[in-house]
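The values are calculated or read from the model by the stated rules, or taken from the named source; none is laboratory data. Everything quoted here is computed from the prediction, not taken from an experiment. All Cβ positions, even for glycine, are placed from backbone atoms using ideal geometry, and neighbour counts span all protein chains on display. Side chains are part of the model used for accessible areas, which takes the heavy atoms of the whole protein and leaves out ligands, DNA and RNA. Shrake-Rupley method; radii C 1.70, N 1.55, O 1.52, S 1.80 Å.
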Amino acid sequence: MFNKKFGVFSLRLVLSIVGTVIIAFGIVLFRLANIGIDPATAADVGISDTCHWNLGNYQLAFNALLFLGVLFFDKTQFGIGTLINMSLPGYIIAYFTPKLARITMYWFGNFSYFENIFLFVIGMLLFSLGIGIYTSVNLGVSPYDAIAPLFSKKKWASYRLTRSVQDLLFFVLAIIFGGPLGIGTFLIATLTGYIVQYWRQLFKKIKRNI
């Protein structure tokens, strides 16, 4: 019984890491496509560049502050998956974005408008797939994703209103600090939820058939 539980937990842990890595590579493709990334990451990139911080270090420090703030009011949303999502993406994005940019520039030169759209679409599929995987294993959500459920649970504000204000705030911060915004930011904000829902439903079907 112990071995079975340990095996199930290990699989969930691996999937949480895999999902988080996929999210990060989706954002890398967003940055290479150069038509906008999600508001939270855009703000992080703008602030870290302005302050001359490594993106991974900044995201880890900022997420730690958010984590402590949410933890004070609600401990139920966090788990080992939270720590994974807090720490990995920023370093992956900071490391691979310039390297892949140099590789693609060397082999392909400047991308055309349609090639940028293709990169963005692949990035969107990866980004939403990663979110679908890491949220499906129920090992904890990121501090950013925990804010709206907290406000809803405490009846301070609805989930939709809190998330909208939250995204708007980070959108404004990205504008102030020159983060990489664009039409892609709007598309990510409006489409990601629907695509993630599709992935989660697909995972449930697969789980039932196993």
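Summary table below
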read-out: From phi via Karplus (6.51, -1.76, 1.60), per-residue ³J(HN,Hα) for region 176-183 in Hz, x at Gly/Pro; value: 4, 9, x, x, x, 9, x, 4
read-out: Region 54-94 shape via C-alpha gyration tensor axes, a/c threshold 1.5; value: oblate
read-out: Sulfur and carbon atoms: percent of accessible area, the chain [1.4 Å]; value: 70 percent
read-out: Stretch gain in nm, segment S112-K155, where the contour uses 0.36 nm per residue and the Cα spacing is subtracted; value: 10.7 nm
read-out: Coil-residue chymotrypsin sites (Phe, Trp or Tyr not before Pro) of region 154-210, DSSP, other Cβ within 10 Å capped at 14; value: W156
read-out: Estimated dipole of region 1-79 in Debye, rounded to 20 [Cβ of Lys and Arg +1, of Asp and Glu -1, Cα centre]; value: 480 debye
read-out: Farthest positive-ward along the chain dipole, Cα basis, beta-carbon charges - from L11, T190, F67; value: L11
read-out: Net lengthening on full extension, R200/A61 (0.36 nm per residue, minus Cα-Cα); value: 47.1 nm
read-out: Alpha-carbon centroids, region 66-89 and region 41-59: separation in whole Å; value: 19 Å
read-out: Cα-based equivalent ellipsoid, the chain: semi-axes from gyration tensor eigenvalues, Å; value: 27, 22, 17
read-out: Which of V45, L32, L125, positive extreme of dipole for the chain (C-beta unit charges); value: L125
read-out: Three-way shape label, region 122-210, alpha-carbon gyration tensor, a/c 1.5; value: oblate
read-out: Segments 142-150, 70-78 sorted - mean Cβ within 10 Å per residue, highest first; value: 142-150, 70-78
read-out: Residue-normalised accessible area of the chain, expressed per residue, 1.4 Å probe, Å²; value: 58 Å²
read-out: Debye, to nearest 20: dipole size of the chain, +1 on Lys, Arg Cβ, -1 on Asp, Glu Cβ; value: 1040 debye
read-out: Per-residue ³J(HN,Hα) for region 47-64, Karplus 6.51 cos²θ - 1.76 cosθ + 1.60, θ = phi - 60°, Hz, x for Gly and Pro; value: 5, 5, 5, 4, 8, 6, 9, 5, 4, x, 5, 5, 4, 5, 5, 5, 5, 5
read-out: Estimated vicinal HN-Hα couplings, Hz - region 101-112 in sequence order (Karplus 6.51, -1.76, 1.60; Gly, Pro = x); value: 4, 5, 5, 5, 5, 5, 8, 10, x, 6, 6, 6
